[in-house]
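Only one structure is covered here, and it is reproduced in the block below.
Read-outs throughout are calculated quantities, based only on the coordinates presented, and are distinct from any laboratory measurement. As the structure is a computational prediction, the values presented were derived from the model and not from experiment. Positions of Cβ are backbone-derived with ideal geometry, glycine not excepted, and every protein chain shown enters the neighbour counts.
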Amino acid sequence: MRLLLLLAALLVGCGGKTTPDAASDELVFGLLPTESSTDAERRWAPLLERLSTVTGKTVKPLKVVDYAALVEALRFGKADLAYLGPKTYVLARERAGVQPLAQEIPMSGQSTYRGLIVTAASHAANDLEGLKGSTFAFVDPNSTSGYLVPLVHFVEELKTEPEEYFAEVRYAGSHQAVLLQVRLGHVDAGATNELDLARAIEGGDINADEIKTVWTSDPIPGSPIVARKDLPPELLAQVRNALVDYKDPEGLKRMQSKGFVEVTDANYEPVRRLQRLREARGK
């Protein structure tokens with residue numbers, strides 16, 4: 001039933017779009033709900049305009065309700081391209097056979113980023129030990145830095161489950177929502193990453209001095225842009241080249257990104273390893 005509702009919502013959001021073929025004059029680009037749809041569209045607008053110019057097709061953003069909905073959009077042809085987190089990519093590769101085109105390069109210039117656990121600057125805790133018994137927010141069960149990476153840390157390193165470690169565990173739905181809940185004191189701490197924290201500060205959602213980091217993960221492979229499995233090879237090449245060659249200063253500033261590099265499925269094997277660890281625990 002939940003899947004049917006998601007698909008119905010996607011059909012409405014895409015105007016009832018059927019699976020496009022090579023002759024279609026439109027491409028649908030799905031965006032993860034890591035922030036409000038208005039903020040996401042503003043950040044991605046210059047790149048989508050560039051893709052429109054290169055491909056000769058109108059490139060439209062797709063709003064989805066959660067990470068799983070974007071995977072289903074790719075699976076059922078309601079999205080042609082998408083920006084995914086590493087864990088969501090692994091799921092989309094398995095379920096929808098998506099093709100990775102390019103990997104985002106963060107402002108650090110590295111091909112990786114790090115997950116964070118944060119709390120309010122005024123909170124007494126300065127490490128995870130100090131948060132024991134408090135309230136905590138993950139992002140979404142399909143988020144890499146907002147769920148999978150910290151979950152594996154709790155299970156493998158601390159030998160405990162988050163539900164046992166914290167008094168309450170909730171899911172906020174987006175990185176932006178986690179950070180706002182922490183800032184407003186609705187939860188004591190939450191999972192996010194250094195990229196979304198920087199974007200929230202840049203967007204004015206929080207001030208840098210309102211949040212402190214109490215845990216930092218090992219490096220995580222950068223987020224990919226992918227295509228659904230049956231797009232024509234020549235179109236895939238156009239999009240891949242446009243991403244790798246994208247150098248627009250204003251567009252990159254909005255995205256808080258250094259650009260993109262080519263990527264292969266093998267880049268995400270470390271994420272699969274973490275996922276296997278999670279699945280081995282039945283979580």
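Here is how the numbers come out for the structure above:
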quantity	calculated
Size of charge dipole - segment 155-266 - debye, nearest 20, with Cβ of Lys, Arg +1 and Asp, Glu -1, no other charges	440 debye
Computed Rg/Rh of the chain, alpha carbon atoms with Kirkwood Rh	0.97
Protection proxy ranking of 266-275, 141-150 - average other beta-carbon atoms within 10 Å, highest first	141-150, 266-275
Dipole of segment 112-220, positive direction: furthest Cα of 155, 165, 186, with charges on the beta-carbon	186
Sequence-distant residues sharing a close amide H with residue 28 (under 5 Å, placed H)	60, 80, 81
Interchain or long-range residues, amide H under 5 Å from residue 105's placed H	258, 259, 260, 261
Residues of type lysines that residue 258 reaches as a straight line, Cα spacing below 21 Å, ignoring anything fewer than 8 places off in the same chain	247
Segment 112-220 - convex hull of the alpha-carbon atoms, volume per residue in Å³	85 Å³
Segment 172-234-segment 73-100 distance, computed between alpha-carbon centres (Å)	20 Å
For segment 229-270, projected area of the alpha-carbon convex hull averaged over all directions, nm²	4.0 nm²
Nonlocal amide H pairs with residue 215, under 5 Å, H built at 1.01 Å	117
